[in-house]
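Student: Let me give you the structure first, and then I'll get to my questions.
What follows is calculated from the coordinates using simple rules that are stated; it is not laboratory data. Nothing here was measured: the structure is a model prediction, and the numbers come from that model. Every residue, glycine among them, receives a Cβ derived from its backbone with ideal geometry; neighbour counts consider all protein chains shown.
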Amino acid sequence: MELRSSNIDKLDGEVFDVLIVGGGINGAASAAALAGKGVRVALIDRGDFAGSTSMHSSNLVWGGIKYMESRDFALVRKLCMSRNHLIRSYPATVQEIRFLTTITRGFRYHPRYLWAGAWLYWLIGNGFTRIPRFLSPGAIRDSEAIIDTRDAIGGFEYSDAYLHDNDARFVFNFVRGALNYGAVAANYVESLGARRESGGWVTQARDVVSGREFAVRSKVLINAAGPWVDEHNALTGQATHHRHVYSKGIHLIVPRLTDNQRVLAFFADDGRLFFVIPMGPRTCIGTTDTRVERPEVVATEDDIRFVLDNINKRLRLDKPLGKEDIISIRCGVRPLAIRAEGGGGRDFLQLSRKHAIDLNPHDAHLSIFGGKLTDCLNVGEEILAAVGDMGIGVPYPKHRWYGEPPEQVRREFMHQAKLMHLDELTASDASEPLSSRLWRRYGTHALEMLEEIREDPRQAEVLIEGTEYLRCELYYAKRREMITRLEDFLRRRSKIALVVHEEAMRQSPGLREACNILFGDQADARLDEYFATTRRERSEAAAEGADLPEACPSPAAGARQRESH
Ligand SMILES: Cc1cc2nc3c(=O)[nH]c(=O)nc-3n(C[C@H](O)[C@H](O)[C@H](O)COP(=O)(O)OP(=O)(O)OC[C@H]3O[C@@H](n4cnc5c(N)ncnc54)[C@H](O)[C@@H]3O)c2cc1C
């Protein structure tokens, strides 16, 4: 029986210690932390795991350098420690990267002052990364020829980290970790609300795919519904100290602008930091920060113009970037935690991205507000402590629930890969050796893939043209990654839909074969469903004035949420 359907059967039958509603980074990290320590956990999401905010981030793991300006040093210290902890725990996944910041004439601070600030930032981060460096306009030009330095008065380079694959893959690996520890997780299962009964929680759930409704019983209920936390609390009658306000942010994915593996940072016309971020064979540009009233958002013409205008002003390109260069769009809302009473008064852009966990011990209920991918290990640990305080036994309190497999396992994998000359099979346009990519994505399971390739060399063939994904990865994804819709694979387990033109995918015989592997006799239906979704998202964006090229999927967030209502 498939992983998802067998898990749905289990959800229907057991009493869990904890049910988590929402499989973004907060829910996924909480599930991994609890399950890793032996707590009986269930996790549901009404879309795919990481199908909302957690797939629209900038993919950065950072110590919050921008909070240096508001002198929130305690927050910077906390985020720097979280960043260092992630880099240490996930050496293949969370990697240090240089940020080159260019300052132009008339900016509110002199570059030397900002460079001094970067040193302080480095010290607050325990000097964990490479040291900052000052650059004259000439040095900026020499380092990065595409930066327009005509108006520049200097710049500085410092380090933070980024997610080498993408945010959604990072989140899914926590879900996968939770499954390894016995958690029962299912995507496309919606909570319709929950009630207290006999001292526990009964959550009414609906399988979004089949429409079947059933009850999930648990002792504790965790609301990790991200931007929809308040909405879900209204369904369960929970009053909280915090609530959310929303800030929309978009990123545009365009052809690779520079071969250098560094982030280019600028201050946009609105004074906010603005990035050009490497994304494998592409470049990701953004972001925006616009207050919105609802979590379901679409990239509008104004958002797209803002990003294109700002980048065209700051780079020296042969031809300015236009809408025809956009390969895909990421668009989501940051759920920002504020005090429920009178918390809306602060300047919106100054609101910090700290998370808050509201507890209701009387009802055994927790709500997770705000947060960042960067803070995920702290969220997991804090949830563990809170659940323990609510009287749930934690059988293995010392077990380490996060991190990549130990170094000796990695060395064994690399040795086996070398003996079979695996890297000679690396696709010609790949951005890294095949062995590095397989290790980062699958950890110990990458060893099984080596075995499959030894048995049948066809398993090492790239299946979908223009991507790096091998036949054996598709079989693995079918078995272990709960791919329910094609988009789950193309957009979240992999980043194919972000970096490959939609038209190329439409024409790809390999995509059809991939669908056969993933969905069997449902292959055609899943393929049609995927292209119908991208068409609908484009017309939703068009309704907001953003007339996007045919080849541009994913302009909308929340579309799948609305679908499931
Ligand atoms: C533009 C942008 C850039 C960002 N950049 C960064 C960055 O570089 N670094 C960083 O650390 N952070 C960044 N962030 C912040 C980070 O992405 C978010 O804080 C984080 O992803 C929020 O995760 P979450 O789990 O709270 O919410 P989500 O990821 O939205 O997860 C909530 C889940 O709950 C599910 N759900 C809702 N209601 C129900 C229900 N009734 N039943 C079942 N499931 C339900 C939803 O389907 C959803 O999947 C960025 C955010 C944005 C928008």
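Student: Can you compute the radius of gyration and Dmax for region 1-157, using only the Cα atoms, both in Å?
Tutor: According to the Cα coordinates of region 1-157, Rg and Dmax are 21.8, 67 Å.
Student: Then there's this: What ranking do S143, S428 get, fewest neighbouring Cβ atoms within 10 angstrom at the top?
Tutor: By the 10 Å Cβ count, ascending, the order reads S428, S143.
Student: Give the average over all directions of the projected area of the C-alpha convex hull of region 2-43, one decimal, in nm².
Tutor: The number I arrive at for region 2-43 is 3.0 nm².
Student: Give me the net charge of A161's neighbourhood, meaning all other residues with Cβ under 11 Å from the Cβ of A161; Lys, Arg count +1, Asp, Glu -1.
Tutor: For residues surrounding A161, the net value is +1.
Student: Along the principal axes of its C-alpha atoms, what lengths does region 187-267 span, in descending order and rounded to whole Å?
Tutor: Largest first, region 187-267 extends 60, 36, 19 Å along its Cα principal axes.
Student: Stokes-Einstein D for region 368-501 at 25 °C, 0.890 mPa s, Kirkwood Rh over Cα pairs, in µm²/s?
Tutor: The diffusion coefficient I find is 141 µm²/s.
Student: Quick check on the exposure proxy: order T287, T102, T300 from fewest to most C-beta atoms within 10 angstrom.
Tutor: Sorted ascending by nearby Cβ count, the order is T300, T102, T287.
Student: Here's another thing I want to ask about it. Find the Cα radius of gyration of region 257-395, compare it with 2.2 N^0.38 Å by division, and give the number to two decimals.
Tutor: It is 1.38.
Student: With a sphere of radius 10 Å drawn around the Cβ of N223, what net charge do the other residues whose Cβ falls strictly inside it have (Lys, Arg +1; Asp, Glu -1)?
Tutor: -3
Student: Using only the Cα atoms of region 446-501, build the gyration tensor, take square roots of its eigenvalues as a ≥ b ≥ c, and label the shape rounded, prolate or oblate: rounded if a/c is under 1.5, else prolate if a/b is larger than b/c, else oblate.
Tutor: Verdict is oblate for region 446-501.
Student: Can you give me the relative contact order of region 16-126 as a percent, contacts being Cα pairs under 8 Å and 6 or more apart?
Tutor: The normalised contact order for region 16-126 reaches 20 percent.
Student: If you don't mind, there's one more thing I want to ask. Report the extension gain between R196 and E513 in nm, rounded to one decimal, defined as 0.36 nm multiplied by the number of residues separating them, less their alpha carbon distance.
Tutor: The span from R196 to E513 would gain 109.4 nm if fully extended.
Student: Additional query: Taking all pairs of different Cα atoms in region 88-196, averaging 1/r and flipping that mean, what Kirkwood radius in angstroms comes out?
Tutor: With all distinct Cα pairs of region 88-196 included, I get 17.5 Å.
Student: Going by average Cβ neighbours within 10 Å, how do the peptides 54-61, 103-110 rank, with the highest at the top?
Tutor: In descending order of packing, they fall as 54-61, 103-110.
Student: Treating region 355-419 as a set of equal point scatterers at the Cα positions, no solvent, please give the Debye-formula log₁₀ I(q)/I(0) at q = 0.22, 0.23, 0.24, 0.29 Å⁻¹.
Tutor: Summing over Cα pairs of region 355-419 leads to -0.97, -1.01, -1.06, -1.23.
Student: Oh, and also: Percent relative contact order of region 284-417, based on C-alpha pairs within less than 8 angstrom and at least six residues apart?
Tutor: Here the relative contact order equals 16 percent.
Student: Under a Cβ-Cβ cut-off of 13 Å, what is the net charge of the residues other than G200 that fall near it, where Lys and Arg count +1 and Asp and Glu count -1?
Tutor: Once positives and negatives cancel, what remains is +1.
Student: If r is the Cβ-Cβ distance from R291 to A525 and R0 is 25 Å, what FRET efficiency results, to the nearest 0.05?
Tutor: E(calc), rounded to 0.05, equals 0.05.
Student: Which is the longest part of the chain that has none of the GluC sites (Glu not before Pro) sitting in a DSSP loop with at most 10 other Cβ atoms within 10 Å?
Tutor: Between the exposed loop sites, the longest stretch runs 1-292.
Student: Exactly which trypsin sites (Lys or Arg not before Pro) in region 226-278 are in a DSSP loop and have at most 15 other Cβ atoms within 10 Å?
Tutor: R256, R272
Student: If you don't mind, there's one more thing I want to ask. Give the calculated FRET efficiency between D363 and K10 to the nearest 0.05, with a Förster radius of 25 Å applied to their Cβ-Cβ distance.
Tutor: For D363 and K10, the calculated efficiency is 0.55.
Student: Over the Cα atoms of the chain, Rg to Rh with Kirkwood Rh, two decimal places? Walk me through the intermediate numbers first.
Tutor: On the way: Rg = 23.0 Å, Rh = 24.3 Å.
Result: Rg/Rh = 0.95.
Student: I need the fraction of alpha carbon pairs in region 47-112 separated by more than 19 Å, rounded to a whole percent.
Tutor: Cα-Cα pairs of region 47-112 separated by over 19 Å account for 54 percent.
Student: Also, I was wondering about something else. Relative contact order for region 348-423 using alpha-carbon pairs under 8 Å, separation at least 6, rounded to a whole percent? Write out the running numbers ahead of the final one.
Tutor: Values: 33 pairs, mean separation 13.9, N = 76.
Contact order relative to length: 18 percent.
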